[in-house]
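Asker: Submitted below is the structure of interest, expressed as structure tokens.
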Amino acid sequence: MGPARPEDPAGPAPPALGAGRRVLRVVALAATAPYLALKAAWVAGSTIGIPDDSVLRDAGPILLVANSVTLAMDGCVILLVLVLTRPWGVRIPAWPLALPVFVATGLLTPILIGFPGQLLVGALGAAGGPTMPQATPRPFLDAWVFTVVYAGFTVQGLALAGLFVPYARQRWGHIWRGVPDQRLPPSTGVVAGAAAMAGLVICAAHLYWACGGSAGLGAARGAERTGDLSVVSVAHAACAFAAGAGALLLARGRSRARGGGGGGGGEGWARWPLALGWVGSAATLCWGGWMLVTSLGGQFEGEGGTTSVMYLIYAGQMITGLLAAAVLTRFLTAGPAARGSLPYAARRADRSA
């Protein structure tokens, strides 16, 4: 990457932390409190918020493991907030930082879409209030738990986005501009096409369920379709579509994304394809994996269970996310967008971290 420049001995400057980002840091940290408190209580043996006939009462040791893991995951949010707002955060290598941000994006995005939608549907009288993204025939948790937890997740997700975007713009903003003559290999285009096709299938399935269809859900789940669960299906459909669309746009490059070599798009043509690919691939991969793992456990399924079609949809979400993430990774690591045009401060940050 070339020798160090003597005129820049101080290395990369940390992202500016104005009043707005200071407020977002406090908000993000505070938003972790409800979930951390509940998980800590459950790990300690409390049954607060768990009805007497809940499937969680029969979960046994697996519940302790699940609560411990998710407690640690939310605790990592605190570390992520510090990375995005402290001077030493700019020296964290790119890939170790990208993984937790990718997972956080994936797990929080459907909640950011679905929770406000559920509140709106509930206000219109079409649902009884926010629920788990997966329905269970037996009571799962008291209704107030979902409201408190998902409200916290929503605030947390918005605050993290507000912190990450300026951090990423300062450190990697050159990639957002793209390169006029950048073209990814034909093999990447094939992967992008596969991501788009898989995303359309997943999107169609979730939209079918959102519109009230029950095929593939089983009798118990199909009979209890509500407005809340339809909103969740719409959220997953949107994420699957975004993953495929982002992959296609990134693989096609600027000229086609602009509709030809003429006007439009500007230097920032890659901004929206990157956003679609990042958010869509993260959400489909992480939520597909999460629902697949929890369904395979079986302890929380009750009488309804997970059908073969649902397993296929969860696996399809993971495949869509993986394919789109592969295209995204290829774009971020290809050619001058990732190497030759890398600002000196960012190069030195990555080398010295």
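Asker: Can you tell me which residue in segment 53-70 is modelled with the lowest pLDDT, limited to those that are open to solvent by 40 Å² or more (accessible area, probe 1.4 Å) and not small (Gly, Ala, Ser)?
Answerer: Only one residue fits best here, namely Asp58.
Asker: Here is a check on your reading of the model: is Gly261 in a loop (DSSP other than H, G, I, E, B), at pLDDT below 80, open to solvent by less than 50 Å² (accessible area, probe 1.4 Å) and not polar (S, T, N, Q)?
Answerer: Numbers: in a loop (DSSP other than H, G, I, E, B): yes; at pLDDT below 80: yes; open to solvent by less than 50 Å² (accessible area, probe 1.4 Å): no; not polar (S, T, N, Q): yes.
Against the criterion (in a loop (DSSP other than H, G, I, E, B), at pLDDT below 80, open to solvent by less than 50 Å² (accessible area, probe 1.4 Å) and not polar (S, T, N, Q)), Gly261 does not qualify.
Asker: So Gly75 clears everything in (1) modelled with pLDDT of 85 or more; (2) buried (at least 19 other Cβ atoms within 10 Å of the Cβ) except one condition, right? Which one?
Answerer: If we test Gly75 against (1) modelled with pLDDT of 85 or more; (2) buried (at least 19 other Cβ atoms within 10 Å of the Cβ), just (2) comes out false.
Asker: Is it the case, given these coordinates, that Ile50 is within 28 Å of Leu296 (Cα to Cα), touching a helix residue (DSSP H, G or I) at 6+ places or on another chain (Cβ under 6 Å) and at pLDDT below 90? Quick ask: steps written out before the conclusion?
Answerer: Working: within 28 Å of Leu296 (Cα to Cα): yes; touching a helix residue (DSSP H, G or I) at 6+ places or on another chain (Cβ under 6 Å): yes; at pLDDT below 90: yes.
Yes, satisfied.
The values are calculated or read from the model by the stated rules, or taken from the named source; none is laboratory data. Quick caveat, the model's predicted, so the values are computed rather than measured. We place every Cβ from the backbone using ideal geometry, glycine too, and count neighbours over all the protein chains shown. With ligands, DNA and RNA removed, areas are computed over all heavy atoms of the protein, side chains included. Shrake-Rupley method; radii C 1.70, N 1.55, O 1.52, S 1.80 Å.
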